[in-house]
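Any read-out appearing in this document is the output of simple, stated calculations on the displayed coordinates, not a laboratory observation. Everything numeric here is computed off the predicted structure, so don't read it as measured data. Every residue, glycine among them, receives a Cβ derived from its backbone with ideal geometry; neighbour counts consider all protein chains shown.
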2 protein chains.
Amino acid sequence: MNCNINEINPKKIKILEGFWGNRNQLLADVVIPYQWDTLNNRTEGVPLSHAVENFRIAAKELDGEPEGTIFQDSDVAKWIEAAAYSLMYHPNSELENSIDELVRLIGKSQQPNGYVNTFFAAKGIEQRWSDLEMGHEMYCAGHLIEASVAYYQATGKRKFMDIMIHYANLIAEEFGPEEGKLHSYDGHPEIELALYRLAEATEDTRYMDLADYFMNIRGSIKRNQGEITAKEEMTPRSRWFESDYFLADKPIREMTEVTGHAVRAMYLYAGIADQYRRTGEQRLWKVLTSLWDNLEQKRLYITGGIGSQSHGERFTVDYDLPPDRGYTETCASIGLVFWAWRMSLIDPESRYADMVEKEIYNGALSGISLDGKTYFYVNPLEINPRIVAFRQDMEHVLTHRAGWFDCACCPTNIARLIGSIGKYIYSSTDNSVFVHQYISSEVELCIKDETITLQQETHYPWNEEIKISLRMKHRKRFGLMLRKPVWCDAWTLEINGIAYDSWCLEKGYIHIDRIWSDGDIVRLKLEMAVKLFQADSRVQDYCGKVALMRGPLVYCMEEIDNGPQLQELIIDSQGNFELKEETLQSMSSVNILLDGYRETIRTDNLYQPMERNEKTKVRMKAIPYFQWGNRVKDQEMRIWFRIA
Amino acid sequence: MNCNINEINPKKIKILEGFWGNRNQLLADVVIPYQWDTLNNRTEGVPLSHAVENFRIAAKELDGEPEGTIFQDSDVAKWIEAAAYSLMYHPNSELENSIDELVRLIGKSQQPNGYVNTFFAAKGIEQRWSDLEMGHEMYCAGHLIEASVAYYQATGKRKFMDIMIHYANLIAEEFGPEEGKLHSYDGHPEIELALYRLAEATEDTRYMDLADYFMNIRGSIKRNQGEITAKEEMTPRSRWFESDYFLADKPIREMTEVTGHAVRAMYLYAGIADQYRRTGEQRLWKVLTSLWDNLEQKRLYITGGIGSQSHGERFTVDYDLPPDRGYTETCASIGLVFWAWRMSLIDPESRYADMVEKEIYNGALSGISLDGKTYFYVNPLEINPRIVAFRQDMEHVLTHRAGWFDCACCPTNIARLIGSIGKYIYSSTDNSVFVHQYISSEVELCIKDETITLQQETHYPWNEEIKISLRMKHRKRFGLMLRKPVWCDAWTLEINGIAYDSWCLEKGYIHIDRIWSDGDIVRLKLEMAVKLFQADSRVQDYCGKVALMRGPLVYCMEEIDNGPQLQELIIDSQGNFELKEETLQSMSSVNILLDGYRETIRTDNLYQPMERNEKTKVRMKAIPYFQWGNRVKDQEMRIWFRIA
């Protein structure tokens, strides 16, 4: 595998006006301030976060006990990280001051040995590492480290990162293979990703060693042995919370199926990818591709949602993908972006960037409302509010986005994904530039000692056209690799107004190898036909059904447009599909009008001999899945429909 | 409503060779002995019952504490009741001795004041009635009373009934509207039915007064107030276990929707029917028909299964009938037989006897294996064992029948249903005889002072022909009311070999009003076409699908006949249906061969653009639903199929 693919310094990437430019503006204007208020218990009508207060308590500037989940610190961390990304493009001294003040508190809460955690500080830090399975200490540490690196990269301020280096050094002192250290790992992966990131920022590979150690020890020590002292009474114990839930049922080198808690799984697999990029150990690559194949071929919702079961928020078995009872957590979709991105840095096959695209326009993005103030934790593919409101096996499903959660991991996670969207657009090798995502943006990168500026202009995902302008001082030969999305069968390519066909398709990328000049303009038109998708028939829920897609967007239908009892609707595969531009909360969108039928059966009792049922012709309206639930609350929504 | 419909003395009904004759033989030869062994902890490889042992402990003939569920006594009671029915047709002195010995133990366990309950006796009888909500004391009392009446009717032995009269008198002394008594009721209805039965056996209507009191006080006192002292720690508390679970959220006269725990609901509604038959209070009839309509039109599985949710074993909301996650408890189907039968004694509309028929050939009967030794508690309409084995929201589903259960209410309940099947065949008024069920049998009844013997011969439900022979001393004019099953559109009728068409259809019964003579022979042929049934499209799970029925039998398909991935199969509605007689465990049965298609979609990933999929023509085989899981264990089974 080609591991010589470089990430681009995020400061060299600018998001321009467009779909993501708007989302980034919303992040700066609404999401960051709203979440800051909420983390400070200033939002009415939502569960109190206590997350900032907990740091104030730990800093001994406030009396009290920390409140919230045991991993509440991570909400603060993820918010800082999101804010740091936002600051790169939207300077805001007030926001920076808030963060600096928060960093001061975090610093003040730090123990002399470096330890930072508001919950375990309250217990007494001698209790640290006493519940590695469910205590989430290193999970919180990881998020704080990631935030500190991001804040350093955004502002050049090192104070936060220095605090976290002190903490990371403590962890390195206390854990590791050496005698006298704790031989263990955290039940929720995250520290691994953070340590890799810290190693890159500090150019200190010892953090990578520690991350690798944490990954490699998994599955090789028994739970509740050695230093893992799980508190049985804290830990829900059932067969869905066994060691596979923690991704600790086997060593990582023996993993073949995506399993366990979906977020934990994604974070771990992303970590394994980091390890492989560092070490090149072929066995790890085999593991990664096996896991990926299993995910993509057997355990993935069409929206990019993952985790088919609420209990344990986890993967179940192959082909078990119920549309109405999955967990499909926003954080899991985000985690899959992390993993997919790392895979594309190892092996630039388009399927990895296709997955990033699937998530950022569907499964992950549905986690946040268009106004930025409400969130889904669970992203169902089908909602019947009357049934959801009653059934115990749907208790985890919300029929509308909420302003916050008791366990609020998702809102700040989607914020940092939006803030860091630039990261996923480009990468480069010594002699080529990859365009993975079609997002209006500008990037400055260096190929063969030449600084090249590449600018994308597009109304993607609504429109099929992408204009790429190149600027450079000297003519230069290099490859431009444009992802051909998996959903796209036909495209046209022009360079400087002339059709260009000397490309070749390489692992799903349109490879243009030529000598480029300043001012060159590439126009790519990706045909965005409306398409009906069917599922492998081993997925029992979707037999005889189709889902509507256009471009990267999965579409759904809502009660507000199509009336109740959506299950009665049948899509006419021969019908006419009409694109309809509409604006929803200032987002100009493309909806789809389509032909179909409504098959209404009303019986005297529930069941009657089959008749040739009257089917009423109907014109239906589908909207992008990520937009569902933005106009009304608690109505029916559905993605999969019968076909005629 | 005509309430002058008489039940027939069960001793006047004989089940002859045929479908139910065989089931009754199995009951006597296998089921009763197997269950007796199991109740005595003598069956290997199944959860220990302890039920008989508990009585031995309560009788102080054995040391120890009672074990099992708090309502374990009821298993003994229901077994005695089943055995009593069996003894009416299969005299067995050994069995009678066993019961007499058991009655001796029960008598010895009785407290001086009359109280009988092994669990509360162990706690100290001053603890009696201390947990009316979940303690099941009067539920157990009710079953013991029913058993004692059945044993008295079967054998003429009064000892057991006298014991229970003593107990019933204690209950009457301690509960009631009078000052100084407890103003409460049992959380699980059953005592009401038992008191009615005891009143009929003893001709003492005070027991009916008490039963009416227990029904009428429901919903009028608050939980945990007055004398109801629910032990919070014993009682699972969630919104599915609120007062509606106990059928106590409102007074019975305000009930409109079937709700709560399905078995509790059925027993209560049966009790309300008893009260209406006694009092004729029109409001109760309105309640009963509203509840019935709600059940039949919105909350019933096609198999007769009821209770759509495991948590709370309960009803959910209208049209929520998932095929794979329902509870559809055997006991609930049996309870519906009790209620339906009482409804047909009030208003002889065929829909009530149709419901009895639906249960005894489908939802209830599937609860017992053909060999009589294994049982379903939950009767799913669809099984994918691979998924059931993993999913937490299907934890309640078994993919094969079990030899016994920790909570073993169903096995003895299905035994007493089989034993009492004769009860549901006939009823009479002053001038007519109703034939509700087509079961080879003989009945002696009295119409207008004339003793009439009516003999049915039929291979129903496999065969469409029913022969009814009448014997009497004197010519007599009376009405013969033959149920026209709801599934039957065409029939022929002959009397003494000559086509007869002077009948009229009255509330679903073919009413033949003529002067009958000794030796008259009626031949009824009910056309048993194979039919495809569709559901009201408000039931989202069955849109675009059909279920196969022939006569009263719902058919299913199993993996053993049709291969795995049953969801890929599509029934050809224009195809050929062939009846195939086959013998399964000495039951000669009629299976159905039918045309259809298998639509197999194999994708590279899970989803792909829709193609014109190859559909392979297949010949499929369907078997009666009640027979599923009798040839193999843990395989796929399905009732609802797509249609082409």
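Could you pull the copy-to-copy label distances for A:Lys286, with points set 7 Å along Cα to Cβ, in nm to one decimal and sorted shortest first?
7.6
So what is the relative contact order of region A:16-235, in percent, for Cα pairs below 8 Å that sit 6 or more residues apart?
18 percent
Could you please report the charge total around A:Asp100, scoring K, R as +1 and D, E as -1 over all other residues with beta-carbon less than 9 angstrom from its beta-carbon?
Charge balance near A:Asp100 sits at +1.
Under the convention of a label 7 Å out along Cα→Cβ, give the distances in nm from A:Gly180 to the same position in every other copy, shortest first.
8.3
Could you tell me the center-to-center distance, by alpha carbons, between region A:345-378 and region A:531-590 in angstrom?
19 Å
For B:Phe19, what charge total do you get from the other residues with a beta carbon under 13 Å from its beta carbon, if Lys and Arg give +1 and Asp and Glu give -1?
-2
For chain A, what does the relative contact order come out to in percent, with C-alpha contacts under 8 Å and a separation of six or more?
13 percent
Run through region B:497-564 and list the trypsin sites (Lys or Arg not before Pro) located in a DSSP loop whose Cβ has at most 16 other Cβ atoms within 10 Å.
Answer by residue number: B:Lys507.
Give the separation of the Cα centroids, region B:286-309 to region A:413-469, in Å.
59 Å
Counting other Cβ atoms within 10 Å, keep those with at most 10, restrict to DSSP loop, and tell me which trypsin sites (Lys or Arg not before Pro) in region B:60-107 are left. Don't skip to the end; give the middle numbers.
Values: sites: B:Lys60, B:Lys78, B:Arg104; in loops: B:Lys60.
Here the sparse-neighbourhood loop sites are B:Lys60.
Tell me, what are the semi-axes, in whole angstrom and largest first, of the equivalent ellipsoid of region B:236-423 as set by the roots of 5 times the Cα gyration tensor eigenvalues?
That gives 27, 20, 14 Å for the three semi-axes.
Can you give me the relative contact order of region B:236-423 as a percent, contacts being Cα pairs under 8 Å and 6 or more apart? Show your work: numbers first, answer last.
Numbers: 298 pairs, mean separation 35.3, N = 188.
It rounds to 19 percent for region B:236-423.
Taking the inverse of the average 1/r across all pairs of different Cα atoms in region A:286-350, what Kirkwood radius in Å do you get?
It works out to 12.3 Å.
Among the GluC sites (Glu not before Pro) in region B:554-637, which ones are in a DSSP loop with at most 11 other Cβ atoms within 10 Å of the Cβ? Mind listing them?
Answer by residue number: B:Glu611, B:Glu614.
How large are Rg and Dmax for region A:530-643 when calculated on the C-alpha trace, in angstrom?
Radius of gyration, then largest Cα-Cα span, for region A:530-643: 14.9, 50 Å.
In peptide B:542-551, what is the residue-averaged number of other protein chain Cβ atoms found within 10 Å of each Cβ?
4
Which lysines, if any, have their Cα less than 16 Å from the Cα of A:Lys484, not counting same-chain residues under 8 positions apart?
Straight-line reach from A:Lys484, under 16 Å: A:Lys358, A:Lys467, A:Lys507, A:Lys525.
Please state, to two decimals, what the Cα-based radius of gyration of the protein assembly as shown comes to when divided by 2.2 N^0.38 Å (N = residues).
Details: Rg = 35.5 Å, N = 1288, 2.2 N^0.38 = 33.4 Å.
Normalised Rg, Cα atoms only: 1.06.
For the rotation taking chain A to chain B, which residue of A has the Cβ nearest the axis, and how many Å away is it?
A:Asp393, 2
Working from the alpha-carbon coordinates of region B:94-142, get Rg over Rh, Rh being the Kirkwood radius.
1.05
Provide, for q = 0.08, 0.12, 0.14, 0.18 Å⁻¹, the log10 of I(q)/I(0) from a solvent-free Debye sum over equal Cα point scatterers in region A:462-620.
Values, matching the q order: -0.40, -0.73, -0.88, -1.16.
Less than 14 Å Cβ to Cβ from B:Met88, Lys/Arg counted +1 and Asp/Glu -1: what total charge do the surrounding residues give?
So the surrounding residues net to +2.
Let me know the mean shielding of A:528-538 by other chains, meaning the per-residue number of their Cβ atoms within 10 Å of its Cβ.
Neighbouring Cβ atoms belonging to other protein chains average 5 per residue here.
What 222 nm value per residue comes from the helices of chain A, counting each DSSP H run with n ≥ 4 as -39,500 (n - 2.57) and dividing by all residues, nearest 500 deg cm²/dmol?
-10000 deg cm²/dmol
At B:Lys60, with labels set 7 Å past Cα in the Cβ direction, how many nm apart are the copies from this one, shortest first?
6.9
With 10 angstrom as the radius, rank A:Tyr196, B:Tyr89 by how many other C-beta atoms surround their C-beta, starting from the fewest.
Details: A:Tyr196 26, B:Tyr89 19.
Exposure proxy ranking, most exposed first: B:Tyr89, A:Tyr196.
If you average 1/r over every pair of different alpha-carbon atoms in region A:426-526 and take one over that average, what Kirkwood value in Å do you get?
Details: mean 1/r = 0.0739 Å⁻¹.
By the Kirkwood definition, the hydrodynamic radius is 13.5 Å.
Viscosity 0.692 mPa s, temperature 37 °C: what is the translational diffusion coefficient of region B:1-140 from Stokes-Einstein with a Kirkwood Rh over Cα pairs, rounded to a whole number of µm²/s?
Taking Rh from Cα pairs, D becomes 195 µm²/s.
Two decimals, Cα atoms only, Kirkwood Rh: what is Rg/Rh over chain B?
Here Rg/Rh amounts to 0.97.
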